[in-house]
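Written out below as structure tokens is the structure these notes cover.
The values are calculated or read from the model by the stated rules, or taken from the named source; none is laboratory data. In this text the structure is predicted, and so the values were computed from the model without any measurement. Neighbour counts run over all protein chains shown; Cβ positions are idealised from the backbone, glycine included.
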Amino acid sequence: MVVNRRTVIKQFLFVSAGVAILPACLQEDNSKSSLLLKNIQISGQQEKNLAELAETIIPATATPGAKAISAHLFMLKMIDDCHTKEEQQRFIKGMELFGKTVQAKYNRPFHQCTKEEKNTMVAGINGKKDLAPELSFFYNTAKKLTIQAYTSSQFYLTKLQVYKMVPGKFEGCVPLKNDLSKTS
């Protein structure tokens, strides 16, 4: 079999390109967050866990859930911009502790758990008083910010709780009561 130089160089380039791309294909999900944050750093898996936690707190039914309105991104942005360094560190430590607790209990990350396992985990955290302070701070902050994100979302304000401007609509045919004479 005769092999010319052009064939060898072409196959060498294919093999070297494959070797260069292979580590990226085999790498686990150690990616960065999809949101650019200034003060905190979280991994892609932590972001997925946060999205699933928000979805567990406000699940999708006939209406979209917290994950559909990106409550987890709102939560991360609020933690990054509006909380002190100490609170940010407590939140991150609590998130890591939450991830370790779920991993120890179910042997997989929170975003890979079944719906029943997620609900059991959240119910277990929700009612306990003797939690680690970081875990308690993380869960309470996540719950508060999830509710805030949902109730201030465009969907909620236009479809569920219809927002009306302060003066409301003008009704010129409604008689006014003259109650000013009774105040003297």
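Out of curiosity, is THR141 of a type in the set (Ser, Thr, Tyr) and within 15 Å of the chain's Cα centre (by Cα)? Before the answer, list the steps.
Details: of a type in the set (Ser, Thr, Tyr): yes; within 15 Å of the chain's Cα centre (by Cα): yes.
Considered against the rule, which asks whether it is of a type in the set (Ser, Thr, Tyr) and within 15 Å of the chain's Cα centre (by Cα), THR141 comes out as yes.
Aromatic (Phe, Trp, Tyr), touching a residue at least 24 places away in the same chain (Cβ under 8 Å) and either within 25 Å of LYS85 (Cα to Cα) or surrounded by fewer than 12 Cβ atoms within 10 Å (Cβ to Cβ) (or both): does that describe PHE138? Please lay out each step first, then the result.
Details: aromatic (Phe, Trp, Tyr): yes; touching a residue at least 24 places away in the same chain (Cβ under 8 Å): yes; either within 25 Å of LYS85 (Cα to Cα) or surrounded by fewer than 12 Cβ atoms within 10 Å (Cβ to Cβ) (or both): yes.
Yes, satisfied.
Test LYS93 against the criterion of being among the basic types (Lys, Arg) and closer than 19 Å to ILE42 by Cα, and give yes or no.
Numbers: among the basic types (Lys, Arg): yes; closer than 19 Å to ILE42 by Cα: yes.
Yes: the conditions hold for LYS93.
Can you name every residue in segment 165-184 that is of a type outside the set (Gly, Ala, Ser) and at pLDDT 70 or above?
Step one: list which residues in segment 165-184 are of a type outside the set (Gly, Ala, Ser), which gives 165-167, 169-171, 173-180, 182-183.
Correct list: VAL166, PRO167, LYS169, PHE170, GLU171, CYS173, VAL174, PRO175, LEU176, LYS177, ASN178.
Are any residues in segment 52-95 of a type in the set (Asp, Glu) and buried (at least 17 other Cβ atoms within 10 Å of the Cβ), and if so, which ones? Outline the logic, then answer.
Quick first cut of segment 52-95, residues of a type in the set (Asp, Glu) only: 52, 55, 80-81, 86-87.
Residues satisfying the conditions are GLU52, GLU55, ASP80.
Given (1) under 27 Å from LEU160 (Cα atoms); (2) not in a helix (DSSP H, G or I); (3) not aromatic (Phe, Trp, Tyr), identify the lone condition not met by LYS77.
The one condition LYS77 does not meet is (2).
Tell me, which residue of segment 153-175 that is assigned to a loop (DSSP other than H, G, I, E, B) and either in contact (Cβ under 8 Å) with a residue 60 or more places away in the chain or of a type in the set (A, V, I, L, M, F, W, C) (or both) is nearest to LYS77 (Cα to Cα)? I'd like the intermediate steps shown before the answer.
The first filter runs over segment 153-175 and keeps only residues assigned to a loop (DSSP other than H, G, I, E, B), leaving 153, 161-175.
Next cut, either in contact (Cβ under 8 Å) with a residue 60 or more places away in the chain or of a type in the set (A, V, I, L, M, F, W, C) (or both) only: 153, 162, 165-166, 170, 173-174.
Numbers: SER153: 15, VAL162: 26, MET165: 28, VAL166: 29, PHE170: 39, CYS173: 48, VAL174: 46 Å.
This residue is SER153.
Given the conditions (1) without any contact (Cβ under 8 Å) to a residue 24 or more places away in the chain; (2) of a type in the set (Val, Ile, Thr); (3) within 19 Å of HIS72 (Cβ to Cβ), report the number of the one that THR146 does not fulfil.
(1)
Can you say whether ILE147 is over 16 Å from GLN46 (Cβ atoms), modelled with pLDDT under 90 and among the hydrophobic types (A, V, I, L, M, F, W, C), as far as the supplied structure shows?
Numbers: over 16 Å from GLN46 (Cβ atoms): yes; modelled with pLDDT under 90: no; among the hydrophobic types (A, V, I, L, M, F, W, C): yes.
So ILE147 does not fit the description; no.
Out of the residues in segment 36-51 that are of a type outside the set (Gly, Ala, Ser) and closer than 18 Å to LYS100 by Cα, which is surrounded by the most Cβ atoms within 10 Å (Cβ to Cβ)? Break it down stepwise before answering.
Quick first cut of segment 36-51, residues of a type outside the set (Gly, Ala, Ser) only: 36-42, 45-50.
Among the residues that remain, those that are also closer than 18 Å to LYS100 by Cα are: 41-42, 45-50.
Numbers: GLN41: 11, ILE42: 20, GLN45: 18, GLN46: 22, GLU47: 22, LYS48: 20, ASN49: 22, LEU50: 28.
Checking each candidate, the answer is LEU50.
State all residues of segment 105-131 that are under 17 Å from ILE58 (Cβ atoms) and among the charged types (D, E, K, R); if no residue qualifies, say none.
Step one: filter segment 105-131 for residues under 17 Å from ILE58 (Cβ atoms), giving 110-111, 115, 118-119, 121-123, 125-126.
Residues satisfying the conditions are LYS115, LYS118.
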